[in-house]
Structure formats: C-alpha cells, structure tokens
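Worksheet: one structure, shown below.
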C-alpha cells in the first residue's frame, strides 16, 4: 500500500464541526486534522473559523487558527483550548474580505479523546474543534 493511500485511508474525517487527529502506531508520518465552523458571510461579523492541527498520536506539534469575515473589518484575539490547557494570542486586525491565520508551535501531548477548539475571543460561539485520540 502506498504512503499516500495509507494516509488517505486513515485520515481524519469531518464530524459536525469536530474532527479527529489520528495516527497509527505503525505509521511514522505526521497526522493532521482540520475542523471548521461558521460562515464568512455571517451578518454579525463572526465569520468562518478553521483550526488545523498537526501532530502524531496524542502529541500536537502545532496548530493554525484562521478567520475570514466578508462583512466587516475586524480586530480580535485567537483562543485555542484543549481540556484545561488554554492559549490566547495577540490581537489580529483584518480587512473585510481578508483571511488571517495564526500559527503556534506547542509540542504538547494531551490525554486520549481531548477535544481541542479554536475561536476568536469576541465570538466564542463560533468554535472549530478536533478530537485528539490514538
């Protein structure tokens, strides 16, 4: 089985705004998961939010949180949580149709089945989440 097919076969799947970070003990390749929520055309300015996580097994190497709002310029702080762990980034500014991305390297392991969510502080109801598990 080729490496590309193996990765595709065991890749994370989207499940109602929540995705799983999967990696097999037999596969040394890094796994990734991406969860998205919201709509860039939302009239309240919450926009669309995506959390893209890279890691292996229960270890998260890094994540990227992005936001796009087509309705208005915005300033907000990115927030990522996983269980009791929480990270808040610096304020980000964007123009009306601009997508902003914030990447953070953490190299941290989490307990099996931990849910990691990313959102922007002014709109905590628009969360993009993934599930970290073996």
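Values quoted throughout were computed directly from the atomic coordinates according to the rules given, and no laboratory measurement underlies them. All values derive from a computational prediction rather than experimental measurement. For neighbour counting, all protein chains shown are included, and Cβ atoms are generated from backbone atoms with ideal geometry for every residue, glycine included.
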Of the residues that make up the range 48-57, is at least one under 18 Å from residue 129 (Cβ atoms) and part of a loop (DSSP other than H, G, I, E, B)?
no
The range 65-125: strands (runs of 3 or more DSSP E) wholly inside it with 1 or more residues that are loosely packed, with under 12 Cβ neighbours inside 10 Å and touching a residue at least 40 places away in the same chain (Cβ under 8 Å) are 99-109
